[in-house]
1. Under 5 Å between amide H atoms, partner at least 5 residues away or on a different chain: which partners does VAL109 have, H built in plane at 1.01 Å?
2. Give me the net charge of SER45's neighbourhood, meaning all other residues with Cβ under 14 Å from the Cβ of SER45; Lys, Arg count +1, Asp, Glu -1.
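Read-outs throughout are calculated quantities, based only on the coordinates presented, and are distinct from any laboratory measurement. Fair warning: this is a prediction, and the values are worked out from it, not measured in the lab. Cβ: placed from backbone, ideal geometry, glycine included. Neighbour counts: every protein chain shown.
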Amino acid sequence: MKTNVLLAVPVAMLMTFSVTGSHAQTASAPADAAMQAASGPTAASPAKSDRALSRAVRKALAKAPGFDVSGVFVKARGGAVTLSGTVHSSDQIKQAEDVTRSVQGVNSVSNRLTLFHGGNG
């Protein structure tokens, strides 16, 4: 029985070292790291351009005559803009969509605006 225990310890140690060694870098590791570093800045740029497009749409809505942008939320993703929130008249729902479509960089508009009815319920 002591022989089995004595054999089990070196075998367990050998297995531990072999598993740990499998995480070592391969020959392509420097190339992989270079690719990740190169793709890093470009991965952040779509989010940055989405924020810029959202701001541009919101700015255009704020400049629209008679339009109250305070209850409107704008989300952009890859040129697709979603409008949500509330406005005070049904004319403003259509106006918001038209203004949004006129902004450069907008490919499509999902208009989820609703009428503000006031009150708490």
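1. Those lying under 5 Å, H to H, from VAL109 are VAL81.
2. +2
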